[in-house]
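Visitor: Before we start, here is the structure in question, set down as structure tokens.
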Amino acid sequence: MADPLVGIQISPISFVDEGVEGCLDTLQRRARVNALMVGTVSWLGLKVGRRISAELDGWPDHGVPAPYTMRGGSYIRVRPEFYRRTAIGDFRAHDPEFGDRDVLEMVIPEAHKRGMKVIPEFMEPLFKYAGHGSAASVEIPGMAQCMEIDVLGRIGGEPCTSNPDYRAWWHGIVEEHCRSYDIDGIMWCNERNSPLDRMMQGQAPGCFCPHCRTEAGARGIDVERVRIAFREVWRFFQDARAGAKFVDGSFVEFLRVLLRNPEVLLWERFWLERSKDLDRELYGIVKWCNPKLSFGLNVWNRNHFNPIRKAQWAWAEQTDYADWVKPIVYQHQAGEVFAKEMGFFASSVLRDFEADEFVPAMYKLLGLREAPWKEIVAAGMDPDTYVFGQCEDAVRGCAGKAKVYMGIGVDAPRTLAHQAVCTPDIVYRSVHATFRAGGEGIVYSPNYAGMNLSNLDGGARALDELGFGGGTA
């Protein structure tokens, strides 16, 4: 039996800091890695930089212990012929430490010599993503003309995925990678907040740019009636978060307002389908360029921490446009992420309940068996319940139509001093839990540059015990 996929997400800067050959030798021999998920285009430190939580966690036990002057962009050469259908101009990265190198030209020959796969990874959104070490500015002329417009008519902070220039730009990025390099696949991550998500988080919903309005109209949606409906529902969320009193409580008032304005759910469905369409389009481009390349989905942990999103993103549907899925399960960090998610409910539709009253019900709804609410941030989530349970859920949902590679967290950036810390034992037990639950591989995440080798040792020990030698996947 061939060894399972043992992947790791890695920044371009790591190959400069540690040297390509030295870095690959360390990953293969010490961590048993046989697949590299390389961040090639991003403005987020979590994808292309060094450790972004060094102020809280210190520097890892490898690499360069210093801040990185990351400006972001493409860490491969930009070939204009792939971008003729978009007005978005040159987006080549010019980080001083990285220079004008092409990370895939650097890495692919040495990786393939060692039998290691190279899979570029992308995450949308690319810009100004809180908690992901965003670049201070995005130096792409014309990008401002691709931005969303919210229900109040304001230009937002993210490009609209229905904007034809932005969408064609993504098409070009993926095609350029598939046609220009001897890669083994693509990993794609879609972490956009839906209109309902945004309202629960205190943000005005969108997008109502001309492109979205035109697409919605073509599907028979009355956009102006939708905007009117959103204003009332958005007002409810504003009032709820401000502490307003409702005659029948916040949950009943939410249902009342929503049922009075069903167009909001119609727009939520429209937005969701357009978001999934981008995933499907990129899958198609990869297969058109080279049917042998794999296409994997890096799946947001919010999809299993929020019952609304869990209903929206069914595994069975995702297998229609993925060869494999990678559920994000950053165990030590997960308690804080879950607490934040529950906070959105506690400040809006479930405001009349104490968190320790409704969280047990949420655990039941979501299939979680974790620490009590007041302990979850400090405790994190247990690999033997959390990683095992999420892997089992994904395997059951995919039903053999897509492989499941668990996204095991190794030193995922913490934001709170009392938040659980990653340990070799956490990684060790997460690897065992994955294969015990039927998973077919693992991807250490979110970024090698932020991981401690001592914690990766825990995963290597588990792989050795399972009889996997770290060969080709």
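Visitor: Please indicate, with yes or no, whether at least one residue in region 118-132 is out of contact with any strand residue (DSSP E or B) (no Cβ under 9 Å at 6 or more places or on another chain), more than 28 Å from residue 462 (Cα to Cα), touching a residue at least 12 places away in the same chain (Cβ under 8 Å) and not hydroxyl-bearing (Ser, Thr, Tyr).
Guide: There is at least one residue in region 118-132 that is out of contact with any strand residue (DSSP E or B) (no Cβ under 9 Å at 6 or more places or on another chain), more than 28 Å from residue 462 (Cα to Cα), touching a residue at least 12 places away in the same chain (Cβ under 8 Å) and not hydroxyl-bearing (Ser, Thr, Tyr).
Visitor: Within region 226-245, is there a residue that is aliphatic (A, V, I, L, M), under 24 Å from residue 340 (Cα atoms) and not in a helix (DSSP H, G or I)?
Guide: Yes: region 226-245 contains one or more residues that are aliphatic (A, V, I, L, M), under 24 Å from residue 340 (Cα atoms) and not in a helix (DSSP H, G or I).
Visitor: Could you grab the pairs with beta carbons closer than 8 Å, sequence gap of 6+ or different chains, first residue in region 322-351 and farther than 26 Å from residue 431 by Cβ, second one of a type in the set (Ser, Thr, Tyr) and not in a strand (DSSP E or B)?
Guide: Here the result reads 348/250; 349/250; 350/250; 351/250, each pair linking region 322-351 to a residue that is of a type in the set (Ser, Thr, Tyr) and not in a strand (DSSP E or B).
Visitor: Let me ask something else about it. Condition first: closer than 28 Å to residue 452 by Cβ, charged (D, E, K, R) and open to solvent by 30 Å² or more (accessible area, probe 1.4 Å). Now tell me which residues in region 65-97 satisfy that.
Guide: 71, 97
Visitor: For region 172-195, which residues satisfy the criterion of being in a helix (DSSP H, G or I) and either of a type in the set (D, E, K, R) or out of contact with any helix residue (DSSP H, G or I) (no Cβ under 6 Å at 6 or more places or on another chain) (or both)?
Guide: 173, 175, 176, 177, 179, 180
Visitor: Would region 379-397 turn up any residue that is among the charged types (D, E, K, R), within 20 Å of the chain's Cα centre (by Cα) and buried (at least 21 other Cβ atoms within 10 Å of the Cβ)?
Guide: No, because not a single residue in region 379-397 is among the charged types (D, E, K, R), within 20 Å of the chain's Cα centre (by Cα) and buried (at least 21 other Cβ atoms within 10 Å of the Cβ).
Visitor: Here's something else I'd like to know. Using beta carbons and a limit of 6 Å, which pairs, at least six apart or on different chains, have the first residue in region 6-21 and polar (S, T, N, Q) and the second one part of a strand (DSSP E or B) and open to solvent by less than 10 Å² (accessible area, probe 1.4 Å)?
Guide: 9/37; 9/445; 11/39
Visitor: List pairs: first in region 397-422 and at positive phi, second of a type in the set (Asp, Glu), Cβ under 8 Å, 6+ apart or cross-chain?
Guide: From region 397-422, the pairs are 411/57.
Visitor: Mind checking whether some residue in region 25-34 is in contact with a Lys or Arg (Cβ under 7 Å, 6 or more places away or on another chain) and of a type in the set (A, V, I, L, M)?
Guide: no
Visitor: Scanning region 103-139 for residues that are charged (D, E, K, R) and surrounded by fewer than 19 Cβ atoms within 10 Å (Cβ to Cβ), which turns out nearest to residue 76 (Cα to Cα)?
Guide: Only one residue tops the list, namely 105.
Visitor: Considering 437, 449, which residue is surrounded by 24 or more Cβ atoms within 10 Å (Cβ to Cβ) and modelled with pLDDT of 95 or more?
Guide: 449
Visitor: Does region 62-83 include one or more residues that are over 27 Å from residue 324 (Cα atoms), in a loop (DSSP other than H, G, I, E, B) and in contact with a Leu (Cβ under 6 Å, 6 or more places away or on another chain)?
Guide: Checked region 62-83: at least one residue is over 27 Å from residue 324 (Cα atoms), in a loop (DSSP other than H, G, I, E, B) and in contact with a Leu (Cβ under 6 Å, 6 or more places away or on another chain).
The values are calculated or read from the model by the stated rules, or taken from the named source; none is laboratory data. Being a predicted model, the structure only gives us computed values, none of them experimental. All Cβ positions, even for glycine, are placed from backbone atoms using ideal geometry, and neighbour counts span all protein chains on display. These area figures cover heavy atoms from the full protein model, side chains too; ligands, DNA and RNA do not enter into them. Shrake-Rupley method; radii C 1.70, N 1.55, O 1.52, S 1.80 Å.
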